[in-house]
Each structure stands twice: as C-alpha cells, then as structure tokens.
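Undergrad: Okay, handing you the structure first.
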Amino acid sequence: MTRVALLGVPYDASSSYQRGSAGAPVVIREALWSEAANTWTEAGLDLRESGLDDDGDLWFSDREPGSEARARIEQAVHSVLDSGRRPLLLGGDHSITYPVIRGLRTHYPRLGILHLDAHPDLYHEFQGDRYSHACPFARILEEGLADRLVQIGIGRCHDPGIDWNGFPSAHSLDHMFLQKAEQFHLQHQWQFTHFIEEQGALLGHFHAPLALYMRAGKCSFFMPKEFAF
C-alpha cells in the first residue's frame, strides 16, 4: 500500500480580501486527531496506526518574495513523491494549487484535476498579481500542467476578469453546465470517478448552449452547485 504524507502549507499571502487560511493546517489536525474523530477508512485501515505520515508544516515569512514561497511548496511536493509516497496537502489559500501541480506534473506525465469550488480561479491576474488565489488554474493551463480539468460547483464562468482566449490549447473545449447527475447515471462516487476518467469519450453525449463554447484548455466541465451524487 502506498503511504500518504500529510503536509501543511500555511500560506495565505496571496489572498485578496481577508487572511487567515494559513492557520487552517493546525485546526484541521486538531479535528482529525481529536477523540471525536473516526480515523477508520472504508478499507478497514486505522489512519492512527498505518498509511498516513504527518510531515508537519512548511514555513513561510511575510517578507519573502512569493516566488520563494512557491518554489518551497513545489520542492516539498517533489520530495514527498520522490520518497514513494503521495502528498495530502492542507492549505493555505488557493494560490498554492499552482506550485503543487508543478510539483506533481514531473512525476505524472498524464494528470487530471478535479476542482471543487464556487469560483474557477482562472483570472489572468487579480489586483496586479498573476499568482493570486484567483489565478492558479490560469497558470496551470498556460503551462500545460494538466491534461484534463474538471471543475464542479462553479457559480459563474462569464467573468470579465477571465480571458478565455488567452489560454494556449491544441484543442477547443466545451464548457457545460451539467444540471442533474441523473442524466449521466451518476449515483455513487465511484461512478463519478469513472466518469472523470472516461469523460473525453463522453463529450459528444452532452448538449452545451452555443454561448458556452469557448477556449480554455483541454476538456473542462463547469457544473453548478446543485450537482449532487
């Protein structure tokens, strides 16, 4: 069994409104290891006893350049993967997604992303910052760091801050609002995972309004918050 490395990334210097998510790793650990938590998995493993290594937290300084913080995050992901383990990261604002994916990409020549959020985080820049928490997936698509991006829960994608034509891509892709799980026969989580793996072959099965045909990368779906399984 591949072991998992729990790693805290207490970084929120790229948050535009309020800060505080840097304090999340400590709080998440308190909940995870509290006496009220159930650490048994569906596979019958107790995380307190096996399968999960806690590698602690990375450190950051408010005075350091963002480039140094991103490099530290990327290298940490590299180190976990080089050790033969899989990283489970505790953020942190959404800007950490970009260096995390950079670290993952060198180990995975084929990489798909499932993104659960109310916002697409696809701004070219936000408040003058290209690495803002509103921008990580713009950088990911620009650099071709993912072969597939599936975004669920997006409230809206017609945002003037998103330059859809600015993402280099070998193929145009369809943005679709998927309204009901029933139309895809997705009733369980394992079925949804299978859907993501096979969605490239399923594109022709869905109808997308003409106004939603845009360019943004490879195979991206936008689903509303009402999507349930």
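The values are calculated or read from the model by the stated rules, or taken from the named source; none is laboratory data. As the structure is a computational prediction, the values presented were derived from the model and not from experiment. Every residue, glycine as well, gets a Cβ built from its backbone with ideal geometry; the counts of neighbours run over all protein chains shown.
Undergrad: Looking at Gly23, Gly44, Gly8, can you tell me which residue is of a type in the set (Gly, Ala, Ser), surrounded by 10 or more Cβ atoms within 10 Å (Cβ to Cβ) and not in a helix (DSSP H, G or I)?
TA: Values: Gly23 fails: not in a helix (DSSP H, G or I); Gly44 fails: surrounded by 10 or more Cβ atoms within 10 Å (Cβ to Cβ).
Only one candidate qualifies: Gly8.
Undergrad: Which one of these does Arg48 not meet: (1) in contact with a Ser or Thr (Cβ under 7 Å, 6 or more places away or on another chain); (2) among the basic types (Lys, Arg); (3) under 22 Å from Leu145 (Cβ atoms)?
TA: Every condition holds for Arg48 apart from (3).
Undergrad: Among (1) touching a Gly at 6+ places or on another chain (Cβ under 8 Å); (2) not assigned by TED's automatic domain parsing to the domain that holds Ala5, which single condition is Glu125 missing?
TA: So Glu125 meets the others, but not (1).
Undergrad: Same structure again: Look at Arg72 and say whether it is surrounded by fewer than 20 Cβ atoms within 10 Å (Cβ to Cβ) and outside any strand (DSSP E or B). Working first, answer last.
TA: Values: surrounded by fewer than 20 Cβ atoms within 10 Å (Cβ to Cβ): yes; outside any strand (DSSP E or B): yes.
Yes.
Undergrad: While we're looking at this one, here's another question. Give me the pairs, please: first residue somewhere in segment 73-95 and within 19 Å of Gly51 (Cα to Cα), second residue anywhere and exposed (fewer than 15 other Cβ atoms within 10 Å of the Cβ), beta-carbon distance under 6 Å, and either six or more positions apart or on two chains.
TA: Matching pairs, first to second residue: Leu81/His107; Arg85/Arg3; Arg86/Thr2; Leu90/Ile28.
Undergrad: Name the single residue, out of those in segment 1-45 being hydroxyl-bearing (Ser, Thr, Tyr) and out of contact with any Ser or Thr (no Cβ under 7 Å at 6 or more places or on another chain), that is nearest to Thr97 (Cα to Cα).
TA: The first filter runs over segment 1-45 and keeps only residues hydroxyl-bearing (Ser, Thr, Tyr), leaving 2, 11, 14-17, 21, 34, 39, 41.
Subsequent filtering for residues that are out of contact with any Ser or Thr (no Cβ under 7 Å at 6 or more places or on another chain) retains 2, 11, 17, 34, 39, 41.
Numbers: Thr2: 22, Tyr11: 11, Tyr17: 18, Ser34: 27, Thr39: 26, Thr41: 26 Å.
The extreme case among them is Tyr11.
Undergrad: If you don't mind, another one. State which residue is nearest to Phe60 (Cα to Cα) when the search covers only segment 79-137 and only residues that are more than 12 Å from the chain's Cα centre (by Cα) and among the aromatic types (Phe, Trp, Tyr).
TA: Tyr131
Undergrad: Please enumerate the residues belonging to segment 104-113 that are in a helix (DSSP H, G or I) and surrounded by fewer than 20 Cβ atoms within 10 Å (Cβ to Cβ).
TA: So in segment 104-113, the residues in a helix (DSSP H, G or I) come out as 104-105.
Residue satisfying the conditions is Arg105 alone.
Undergrad: In segment 78-102, how many are more than 23 Å from Ile152 (Cα to Cα) and assigned to a helix (DSSP H, G or I)? Full working, then the answer.
TA: The initial filter retains those residues of segment 78-102 that are more than 23 Å from Ile152 (Cα to Cα), namely 78-86.
If we keep only those that are assigned to a helix (DSSP H, G or I) as well, we get 78-82.
Result for segment 78-102: 5.
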